[in-house]
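Accompanying notes for the structure given below.
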Amino acid sequence: MDQATQTAWLARSLRHLEAGTTDQGEAVTRIDVARYTSADFMARETNRVFRRLPIAAGFSAKLAKPGDFITHQHLGLPLLLMRGRDGGINAFLNVCRHRGARLVAAREGCDKRSFSCPYHAWTYDIDGRLLSLPHEADFGALDKAAHGLVRLPAAEAFGIIFVLPQRDAATPDLDAFLGPLKRDMESFGLGRHVVYDEREIGLRCNWKVVIEGGLETYHVRHAHSRTIAPMFLDNVSVMERFAPHARLYFTKREARRLKGQALDGLNVRDFGNPLYFFFPNLIILVQPDHATVMITHPAGTDSCIIQGAALIPEPAQSDKARQHWDKNVKIFWDALDEDFQMGQSIQAGFASGANDHITFGRFEHPCGWFHAALDEAMQG
């Protein structure tokens, strides 16, 4: 992040602190509850958003060298991600081209040179080419080149793998999609970090409820009173829109000591947490010496799956290092668990029929930005 932005964020935070204010939008936003409960709306989200945009699907550090792989179905498709021979990312449908069986059952692995289908042993290399099949002569003039694994376009940025779940589409242009926030994120060096304490969590709530919980600080004083609230100023945030994405800064109480001081040259990570939301489902919280990542995948109108992890500068190779990171990630996950429990409560409230709409206040306006971006994407 450039120094001018850091200085501006700190100055805005201090002005809010003096005035007892925070960044605000121009209007209150009302959202129909049916957006969280309608199967038809969910189907349109899937087809018009999660099948048309680059979606965060995993961590680059999990694929450190050729032959390393991970599999999952969080995008609603059986996915096989691996590091190819050329060092790039290969994204395939995890489906054998013979009879459609799942090719790779393992969740992850390393240093593979080929994959053999457990049904009839059709075998593919790490770049998806069909290498061999038993009794090949009995398949006539089988065109092996036409029976390689089905590839999906994929690219990497700041330690995150993005997949476009659309067969035969072009490789996603992440510079264009992520805009200036990509440069911001790269300045933190996350592409050189490693994964620590990776988790997958299933929740009984709509995916949008989880995203909204990360886009405002109005709830922190109350929902997180036993965890992170004592660290932060009450509802003091800097919020900037880079449609369809957003960049926020959650100011810590530590910033109070900056009153009257020159702000040039200071690091915002010492006085608050920058938070980046990449539409539709990726949130990265930048902390003083690492970052924490949450990817939220829809699994139905009232369910979702969280992919989360910390990205730390280097592997934890000592007890002291592990204790340090365990303490940090516990704070993160404890606070998120409070959000998750609240999100499930909200979804149950939707099902009750008590409300036909919800309301975002003027200082919850990034939630309104999120829904505006969703509307625009769904019209495409």
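The values are calculated or read from the model by the stated rules, or taken from the named source; none is laboratory data. From a predicted model like this one, the values you see are computed outputs, not experimental measurements. FYI the Cβ positions are ideal-geometry reconstructions off the backbone, even for glycines, and counts take in every protein chain you see. Just the protein is used for accessible areas: all its heavy atoms, side chains included, with ligands, DNA and RNA removed. Shrake-Rupley method; radii C 1.70, N 1.55, O 1.52, S 1.80 Å.
Determine, yes or no, whether Ala91 is assigned to a helix (DSSP H, G or I), closer than 30 Å to Ser303 by Cα, within 18 Å of the chain's Cα centre (by Cα) and of a type outside the set (S, T, N, Q).
Judged against the criteria, Ala91 is not a match.
Restricting to region 187-211, name every residue that is in a helix (DSSP H, G or I), of a type outside the set (A, V, I, L, M, F, W, C) and under 13 Å from Leu311 (Cα atoms).
Selection gives Gly191, Arg192.
Output yes when any residue across region 119-131 is under 27 Å from Arg183 (Cα atoms) and not in a loop (DSSP other than H, G, I, E, B), and no when none is.
There is no residue in region 119-131 that is under 27 Å from Arg183 (Cα atoms) and not in a loop (DSSP other than H, G, I, E, B).
Inside region 250-270, can you point out the residues that are hydrophobic (A, V, I, L, M, F, W, C) and over 13 Å from Arg15 (Cα atoms)?
Phe250, Ala262, Leu266, Val268
With the checklist (1) over 25 Å from Gly109 (Cα atoms); (2) under 22 Å from the mean Cα position of the chain (by Cα) in hand, flag the one item Gly202 doesn't pass.
The number of the failed condition is (1).
Just give me the residues in region 130-155 being touching a residue at least 24 places away in the same chain (Cβ under 8 Å) and open to solvent by less than 70 Å² (accessible area, probe 1.4 Å), in sequence order.
Residues satisfying the conditions are Leu130, Leu133, His147, Gly148, Leu149, Val150, Leu152, Pro153, Ala154, Ala155.
Cβ-Cβ under 7 Å, sequence separation 6+ or interchain: first residue in region 264-275 and in a strand (DSSP E or B), partner polar (S, T, N, Q). Which pairs?
Qualifying pairs under 7 Å: Gly272/Ser13; Gly272/Thr251; Asn273/Gln287.
Taking Asp68 as the residue in question, decide whether it is closer than 30 Å to Ala348 by Cβ and at pLDDT 95 or above.
no
If you take just the helices (runs of 4 or more DSSP H) that sit entirely in region 1-76, which of them hold at least 1 residues that are under 25 Å from Met294 (Cβ atoms) and touching a strand residue (DSSP E or B) at 6+ places or on another chain (Cβ under 7 Å)?
3-19, 39-48
Only one of (1) open to solvent by 20 Å² or more (accessible area, probe 1.4 Å); (2) at pLDDT 95 or above; (3) under 20 Å from Arg30 (Cβ atoms); (4) out of contact with any helix residue (DSSP H, G or I) (no Cβ under 6 Å at 6 or more places or on another chain) fails for Ile346. Which number is that?
The one condition Ile346 does not meet is (4).
Which of the residues spanning region 315-343 are among the small types (Gly, Ala, Ser) and surrounded by 12 or more Cβ atoms within 10 Å (Cβ to Cβ)?
Ala316, Ala321, Ala335, Gly343
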